[in-house]
Amino acid sequence: MPHDEMRLDIAARRLSLDPRSPAFYHDPSVAYARILAESPVVFWEELGVWCFFAHDDVHRLLRDRRFGREILHVATREQLGWPEPPVHTRDFDAIDAHSLLEREPPVHTRLRALINRAFVSRRVEALRPGIEALAHALVDAFPDEPFDVLAAYATPIPVRVIARLLGVPEAMAPALLDWSHRMVAMYGVRRTRAVEEDANAAAADFARFIRETVAARRRAPGDDLLSVLIAAEEQGDRLSEDELVSTAILLLNAGHEATVHALGNAVHALLTHGVDMVS
């Protein structure tokens, strides 16, 4: 991307760069390389946060227990100058409040111990034949003319596998994807009031569906992940209903998005550099 689209004040450690710029979005590596070389710690004005680009700095931050996802256990919203949570994102925030990604020990430790009981190696390994069959079926259905590999291959695999994991019909995949896409829009750079309200509506619908499914599994347990999570116990403790809902939604939102982009990037690397370079 042209350097004139980015303003980097090394002395003040200030960066001005529109993350929505088509040139930056298409290939951010050029900008990142310059920032890393000239000022690896900067305040990114458009994002409103300090950013660290050097590996050693990031490594130290991630290992420093003074930093984490939560802060309200050591300071109030008033002390931090934070407003009260908005009413129009209440359903979305309720899911985030019990998410494994948002909690610190000891709550995170407790949740992880319970959830891990559902992901024993034999259960994960049992998924292999089904995933392989699905992958082959999708490849066999590729058209002869040019097509979008994300839509034809990378997107269907994780959402259909996660639907199987949760024990819900694969026909629900379009609805699961719709809820997921609308919710994760909250983490994008184009977040507006309309995006927030839409994400909240999606969160409410998704949570309602999971609660209905959990109720059905309580009446008639199966061998699906939700049934296992309902039964999971660690030292007499179990997941609450809210924690079950958040965990199921996190499984789709985090597992689906990451897998789609990982597959897309892998195919791009293969087409760009060849098998020998990638391997």
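The values are calculated or read from the model by the stated rules, or taken from the named source; none is laboratory data. Quick caveat, the model's predicted, so the values are computed rather than measured. With ideal geometry, Cβ positions are generated from the backbone for all residues, glycine too; neighbour counts draw on all protein chains shown.
Below, the figures for the structure above:
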quantity: Any hit, segment 100-107, residues being of a type in the set (D, E, K, R), in contact (Cβ under 8 Å) with a residue 60 or more places away in the chain and farther than 26 Å from PRO174 by Cβ; calculated: no
quantity: Within segment 228-257, considering residues that are free of Cβ contacts under 8 Å to residues at least 60 places away in the same chain and of a type in the set (Gly, Ala, Ser), the one nearest to SER121 (Cα to Cα); calculated: ALA231
quantity: Candidate set from segment 29-67 (those that are small (Gly, Ala, Ser) and surrounded by 14 or more Cβ atoms within 10 Å (Cβ to Cβ)); member that is nearest to the chain's Cα centre (by Cα); calculated: ALA31
quantity: Failed item, numbered, when GLU233 is tested on (1) modelled with pLDDT of 90 or more; (2) surrounded by fewer than 13 Cβ atoms within 10 Å (Cβ to Cβ); (3) of a type in the set (D, E, K, R); calculated: (1)
quantity: Yes/no for LEU166 being touching a strand residue (DSSP E or B) at 6+ places or on another chain (Cβ under 6 Å), closer than 29 Å to LEU239 by Cβ, modelled with pLDDT under 90 and not charged (D, E, K, R); calculated: no
quantity: Subset of segment 177-194 [aliphatic (A, V, I, L, M) and without any contact (Cβ under 8 Å) to a residue 12 or more places away in the chain]; calculated: ALA194
quantity: Odd one out for ILE115 among (1) more than 21 Å from ARG238 (Cβ to Cβ); (2) surrounded by 12 or more Cβ atoms within 10 Å (Cβ to Cβ); (3) in contact with a helix residue (DSSP H, G or I) (Cβ under 7 Å, 6 or more places away or on another chain); calculated: (1)
quantity: Some residue of segment 116-131 being acidic (Asp, Glu), in the same structural domain as ALA194 (by TED's automatic domain parsing), in a helix (DSSP H, G or I) and modelled with pLDDT under 90; calculated: yes
quantity: Which numbered condition ASP18 misses (of (1) in contact with a helix residue (DSSP H, G or I) (Cβ under 9 Å, 6 or more places away or on another chain); (2) of a type outside the set (A, V, I, L, M, F, W, C); (3) closer than 25 Å to PRO105 by Cα); calculated: (3)
quantity: Filtered residue count, segment 6-28, keeping only those that are under 24 Å from GLY188 (Cβ atoms) and either modelled with pLDDT of 90 or more or surrounded by 14 or more Cβ atoms within 10 Å (Cβ to Cβ) (or both); calculated: 13
quantity: Residue within segment 5-18 that is within 25 Å of the chain's Cα centre (by Cα), over 24 Å from SER99 (Cβ atoms) and of a type in the set (Gly, Ala, Ser) present; calculated: no
quantity: Given (1) basic (Lys, Arg); (2) within 19 Å of PRO156 (Cα to Cα); (3) loosely packed, with under 12 Cβ neighbours inside 10 Å, number of the condition ARG182 does not satisfy; calculated: (3)
quantity: Check on VAL139, touching a Phe, Trp or Tyr at 6+ places or on another chain (Cβ under 8 Å), in a helix (DSSP H, G or I) and either free of Cβ contacts under 8 Å to residues at least 60 places away in the same chain or not assigned by TED's automatic domain parsing to the domain that holds SER246 (or both); calculated: yes
